[in-house]
Amino acid sequence: MEQKQLNVAIISSPGIGHLISFVELAKILISRFNFTITLILPSRVNDQPSEAQSSLLSSLPNAISYVYLPPIDLSHVETDDLDVVISLVVVHSVPFIRDALSALPRLVAVVTDLFGTPVYDVARELGVPPYLYFFTNAMYLLFLFHLPKLHETVSCEFRDMVDPVILPGCVPIHGKDFEDGLQDRKSEAYSWIFYHLKRYGLVEGILINTFLDLEPGAIRGLQTEDPNRPPVYPIGPIVRSGMDMGCKVGGLECLRWLDQQPSRSVLFVSFGSGGTLSYDQLSELAIGLEKSGVRFLWVVKGPNEESSFGSYYNGHDQDESFGFLPNGFVNRTKDRGLLISSWAPQIEVLSHKSTGGFLTHCGWNSILESVIHVMPLIAWPLYAEQNMNATILEEGLEVALRPEINKHGIVEADRVAKVVKELMLGANGRRIRNLMKELSDCAKRAISETGDSTKSLNDVASEWMLAKAKECSNI
């Protein structure tokens with residue numbers, strides 16, 4: 001008799017970056033352990049799936065299915081803060097999530113991201129172990145576990161702290177680099193962060209998208225510091241594989257353009273699927289790229305004065321004439337620069353022989369992709385934990401340069417030009433590439449057949465299969 005496949009439910013909160021990482025995890029689970037995967041997708045009313053998300057979901061293997069939950073109406077909510085909005089979407093989706101989970105046969109685990117903690121009670125009710133997939137870095141998770149102590153011992157706002165936070169085996173973290181949701185201790189976002197944090201202890205284990213050689217101190221701290229915490233399993237780097245879902249007309253155009261450029265001559269500039277800049281900052285960046293004299297491929301989104309994550313939910317309306325850029329910029333740089341609106345096939349760009357550097361918003365997915373493809377970095381963080389990520393890159397791993405910001409929070413054009421030339425043409429760029437090569441070799445070992453990350457994921461999958469086997473034997 002053919003053995004029926006075991007099912008793992010993955011609940012992804014809104015955001016293409018979350019979904020990408022979950023899909024890659026799902027692909028590993030079906031190929032290595034023969035699970036079937038059900039993606040459960042909460043959303044807001046009027047948040048239409050982006051072209052990238054639709055393309056991603058339409059290309060899934062047969063063993064991965066997905067369920068769109070009824071969208072949640074948050075028209076009465078005045079804030080657009082990421083932590084608040086995503087948390088409310090998940091909380092109000094819990095009844096629909098319960099129905100979706102109840103309908104799944106042979107369910108062995110429920111996996112959520114860091115916003116999915118309201119689901120843990122439902123999973124327990126159904127007799128299914130919940131797990132957290134933390135797809136940013138170990139230092140940030142260790143920091144969150146130390147946050148209650150900071151809350152009790154620090155009386156001022158964290159940005160006003162004189163001394164940095166020192167975590168075992170980690171670079172110092174200054175209060176000004178804490179994520180935006182922690183900068184106002186009376187805010188709703190601050191309350192939600194603590195709500196989720198207190199519920200992390202309800203899971204059976206925490207999967208984390210990192211690897212031992214990348215963050216040895218933080219990982220050891222997580223695994224040994226408090227025996228009452230759930231076990232932590234480093235299973236990374238899990239990054240996009242195969243043809244990127246951006247490889248359509250614009251994506252193919254940029255790859256053809258790269259084919260015509262000299263080796264390692266092009267700086268890739270992208271702030272991720274959600275990141276946006278102000279008009280003033282866009283202008284300074286453009287002028288700086290022009291002054292640098294370096295070839296560039298720039299994924300350009302229109303300016304957003306209100307937030308740095310202006311296209312996080314729905315993408316951003318594009319002016320494909322790029323009329324918001326400085327007058328004459330497009331024509332003056334057309335022989336050495338290519339502008340792409342909204343989206344580029346990042347994996348293909350980073351792995352291309354002509355790409356020599358990456359100016360990035362420091363999202364963890366992008367960082368891991370850069371490690372795999374040996375790409376020197378310019379760190380330009382925008383929101384969430386990205387300032388902490390930039391600190392790891394610049395001060396801990398020393399694989400990124402970071403431009404200076406003026407008193408108005410703007411990176412001026414001369415600073416842009418200076419850091420671009422240093423990365424692409426200077427000694428620091430060569431040094432960083434050598435360090436990245438070492439990290440890339442470590443990353444590939446970690447996910448090899450006998451690597452540390454492979455063993456960690458094998459341990460988790462074995463627990464899921466063993467638990468189901470015991471349950472069946474007791475029936």
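The values are calculated or read from the model by the stated rules, or taken from the named source; none is laboratory data. Since the structure is predicted, the reported quantities are computational estimates derived from the model, not experimental observations. Here Cβ is always computed from backbone atoms with ideal geometry, including for glycine, and neighbour counts include all displayed protein chains. The protein model used for the area step is the full one, side chains on, heavy atoms only, and it has no ligands, DNA or RNA in it. Shrake-Rupley method; radii C 1.70, N 1.55, O 1.52, S 1.80 Å.
Where does the chain land on the Kirkwood hydrodynamic radius, alpha-carbon pairs, in angstrom?
Evaluated over the chain, this radius sits at 23.1 Å.
As a test of the formula, what do you get for the chain when each DSSP H run with n ≥ 4 contributes -39,500 (n - 2.57) and the sum is divided by the residue count, at 222 nm and rounded to the nearest 500 deg cm²/dmol?
That calculation yields -12500 deg cm²/dmol at 222 nm.
Between the alpha-carbon centers of the range 82-119 and the range 44-78, tell me the distance in whole angstrom.
Here the answer is 14 Å between Cα centres.
Throw me the Rg/Rh for the range 125-181, computed over C-alpha atoms with Kirkwood Rh, two decimals.
That ratio is 1.09, to two decimals.
Once you have a ≥ b ≥ c as the square roots of the Cα gyration tensor eigenvalues for the range 40-132, tell me rounded if a/c is under 1.5, and otherwise prolate or oblate according to whether a/b is larger than b/c.
Taking the square roots of the gyration eigenvalues as a ≥ b ≥ c, the range 40-132 is oblate.
Per q in 0.15, 0.23, 0.25 1/Å, what log10 I(q)/I(0) does a Debye calculation on the alpha-carbon atoms of the range 1-86 return?
Debye intensities relative to I(0), on a log10 scale: -0.61, -1.14, -1.28.
Sort 189-202, 117-130, 153-166 by packing, meaning the average of other beta carbons within 10 Å per residue, with the highest value first.
Final packing ranking: 117-130, 189-202, 153-166.
Express the accessible area of the range 418-468 per residue in Å², computed with a 1.4 Å probe while the remaining protein chains stay in the model.
With all protein chains present, the range 418-468 gives 53 Å² per residue.
So for each of 21-27, 332-338 I average, over its residues, the number of other beta carbons within 10 Å; can you give me the resulting order with the highest mean first?
Output ranking for 21-27, 332-338: 21-27, 332-338.
If you take the square roots of the eigenvalues of the alpha-carbon gyration tensor of the range 249-442 and sort them as a ≥ b ≥ c, do you get rounded (a/c under 1.5), prolate (a/b over b/c) or oblate?
rounded
Amide H of residue 362 versus every other amide H placed in the peptide plane: which residues, excluding those fewer than 5 positions away on the same chain, fall under 5 Å?
Here 380 satisfy the definition.
With θ set to phi - 60°, apply the Karplus curve 6.51 cos²θ - 1.76 cosθ + 1.60 along the range 273-287 and write out the HN-Hα couplings as whole Hz, x wherever there is a Gly or Pro.
Rounded to whole hertz, the list is 6, x, x, 9, 10, 6, 4, 4, 5, 4, 5, 5, 5, 4, 5.
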